[in-house]
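Worksheet for the structure shown next.
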Amino acid sequence: MSLYEQIKQKIYQRLEESLIKAQEAGELSFKEIPDFVLEEPRERQHGDLATNLAMTLTKQAKKAPRDIANILIANLNTNGTWITSCEIAGPGFINFRLNPLWLIEVIPEVIRQKEGYGAVNIGKGEKVQVEFVSANPTGLLHMGNARGAALGDSLATLLSMAGYEVSREFYINDAGNQIYNFALSLEARYLQQLGFDVPFPEAGYHGEDLIATVKRIIDKDGDKYVSMEEDVRRDYLVRFALEEKITGIRETLEKFGVFYDVWFSEQSLHSSGYVQETINELENKGYIYEKEGALWFKSTLFGDEKDEVIVRKNGIPTYFAADIAYHRHKFARGFKRVINIWGADHHGHVARMKGAMQALGNNPDNLQVILMQLVRLIQDGEIVRMSKRSGQYITLDELIDEVGKDAARFFFIQRDPDSTVEFDLDLAKSESADNPVYYVQYAHARLCSIMRQAKEMGYELSVEPSPEQLELLTSQEERDLLKKMADFPGEIALAAKMAEPHRIARYALDFASLFHSFYNSHRVLVDNAQLRTARLGLIISIRQVLANAMRILGVSAPEKM
RNA sequence: GCGCUCGUAGCUCAGGGGAUAGAGUGACGGUUUCCGAGGCCGGAGGUCGCAGGUUCAAAUCCUGCCGGGCGCACCA
């Protein structure tokens, strides 16, 4: 538990004791201790911590909140809590002021824990899987995938900082109808490139990348597939193209800073019989019925709007069947918690997938689906409609080349997944320096610059400041920074609990802002050796915490820019 | 039509039932003999979509309405 959490918990406990003491003395009557908060007030003048306890008791105690507050304060034991004063304010808040010296302990803490500072153990080593992007391997990655990649990867890092054992997984949709369509498109392109006049399939994939792929096949094998059986030809073309595509996807994601632990093939679920086995399992449990020649899953039993086809009339299982098998497989692999990042256009699947998990005997709450609104791309002041079929989309590769990995990742991670974001491409290209990521990176580079100069001036950076020296950090700017650093573990715990990495982006911005303010009003490399040592300890700690936050966001922490 | 979701400053977006709703950006004014001015400081800018309800207290929770996005296939 972080220092800050320990202090807060102590005060919580003392408040409850005060309540009980007041009741025993007959000063206050209540049945149960209400839920109350102890938090940092927004306004600094309201002290370091404030509680609404008195206000939550008004009904039970039948007294005015300010009177209750008085009684509570009178019965409060503040020994060993760092509290220096309590006052009643506003409608009945109790505001506490703390001895600022508690904050200096954070610097040795950061210096000792280094990149581990901020880590908490709410996960207790539990196995969690985050599945994200899982784009169809029939095309290139686009803006929506970019958002999913940034979000999923940061969430995974965040969860591991919070004590979970995290696995990143990419589900490869290498089976089904779309692959069949893909094969037909490849075949048409192949034959067209060799000069045959064949039509391109109506529902085919129009992307230019297919033509490039086909050209490579021709470079390698020439026209030898022209004379072959259709099935053999398509099978070869698809296998070649898929391998190429998946490799490309992997390389692009790695360029974006995203590395997966597992690449899971949908086809493997079909080949191994796991899909069929899963369907049998559901059938044995009585959740399957036949209608109009197809097999249906009774998803309405689990709150879905309608039942879903699981095996088509033609005997081929649907995508849904494979997906159920896939998620069953995840839990069978021992994951206690499974998180999926899906585009908002898939929200209709959430209820039925959870239902399917419940039908198979898993707790549906252990499957968490994070829906991400789609990215609206603006170019020349107009919305660009993205479609894979039409081949009109901005690829992740282009985004990385033109906007930059760090700027793009920060842009996506800053926003709540629920908000539809507008991405103005022209703005991002021409003025990418506007992206707030540079603000944070600049702070980091500046901190490194101070450290470089300190070194040049012959100051030792590895000396841990003494408590006496740290007590010299008394300015408002310094205290704000110390406080923010002390908050970091709590922020990680909260962000992990809520699965909201965008909180860390907010934290990094706020923290960088506090540093810039400090920098503009105080010098670090002063002549006074005591103060200088303390401030060096401070900036070493700030740099560390900032770097730790940036690592969660997946953006680099440059020493110079 | 039904379901999910969003509506907060000119624009892009934060906001854990709490006190005077914030940040970035844009426009405006100030700031460099001194560790990185890609910075800092300042004022201006708001019916938190609308209307009810719950509560000591609502941008936040509930209901209805309005507006945008998405979904409602034997596609994935």
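The values are calculated or read from the model by the stated rules, or taken from the named source; none is laboratory data. It should be emphasised that the depicted structure is a prediction, and the values quoted were computed from it without experimental measurement. Don't worry about glycine lacking a Cβ; one is built from the backbone with ideal geometry, like all the others, and counts go over all protein chains shown. Just so you know, the surface numbers come from the protein's heavy atoms only, side chains and all, with ligands and any DNA or RNA stripped out. Shrake-Rupley method; radii C 1.70, N 1.55, O 1.52, S 1.80 Å.
Tabulated data
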read-out	value
Nearest-ten-degree value, helix A:274-284 long axis tilted from longest Cα axis of chain A	80
Förster radius 25 Å - calculated FRET efficiency between A:H347 and A:E422, Cβ distance, rounded to 0.05	0.75
Residue list for segment A:364-380, given a label point 7 angstrom along the Cα-to-Cβ vector of A:K497 and an amide N cut-off under 20 Å	A:365-370
Amide H contacts under 5 Å for A:A175, placed H, 5+ residues apart	A:Q267
Dipole magnitude (debye, nearest 20) for segment A:3-98, charges at Cβ of Lys, Arg, Asp, Glu	180
Rounded to 10°, Cα long-axis angle of helix A:437-456 versus longest principal axis of chain A	60
Selection from A:F518, A:Q476, A:H502, by position along the positive dipole direction of segment A:436-553 (Cβ)	A:H502
Residues whose placed amide H lies under 5 Å from that of A:I310, excluding near-sequence neighbours	A:L295, A:W296, A:F297
Contour excess over end-to-end distance, with Cα ends at A:R42 and A:D510 and 0.36 nm allotted per residue	167.1 nm
Karplus-derived HN-Hα couplings along segment A:312-326 (A = 6.51, B = -1.76, C = 1.60, θ = phi - 60°), whole Hz, x at Gly and Pro	5, 4, 7, x, 8, x, 7, 4, 4, 4, 5, 5, 4, 4, 4
Cα coordinate range in chain A, projected on the principal axes (Å, largest first)	91, 64, 42
Cα gyration tensor of segment A:436-553 - equivalent ellipsoid semi-axes, whole Å, descending	26, 15, 12
Whichever aspartates and glutamates have a C-alpha closer than 18 Å to that of A:K114, once near sequence neighbours (fewer than 8 apart) are set aside	A:E105, A:E460, A:E464, A:D487, A:E491, A:E559
Label-point gap, in nm, between A:N280 and A:A332 - each point 7 angstrom along Cα→Cβ	1.1
Built amide H within the under 5 Å cut-off of A:A162, gap 5+	A:V120
Hz values of 3J(HN,Hα) by residue in segment A:331-340 - Karplus curve (6.51, -1.76, 1.60), Gly and Pro given as x	5, 5, 7, x, 6, 7, 9, 10, 10, 10
Set of lysines near A:K313 by C-alpha distance (under 26 Å), chain-local residues within fewer than 8 positions excluded	A:K285, A:K291, A:K298, A:K354
Lysine pairs with alpha-carbon atoms under 15 Å apart, segment A:3-98, spacing 8 or more or separate chains	4
Top positive-direction residue, dipole computed over chain A with Cβ charges, set A:Q129, A:M485, A:L367	A:M485
Heavy atoms of A:R14: accessible area, 1.4 Å probe, square angstrom to 10	30
Size-normalised alpha-carbon gyration radius of segment A:3-98, reference 2.2 N^0.38 Å	0.99
Rh (Kirkwood; distinct C-alpha pairs) - segment A:254-395, Å	17.1
Cα-centred dipole magnitude for segment A:496-561, charges only on beta-carbon of K, R (+1) and D, E (-1), debye, nearest 20	60
Angle between chain A longest axis and helix A:65-74 axis [Cα atoms, degrees, rounded to 10]	60
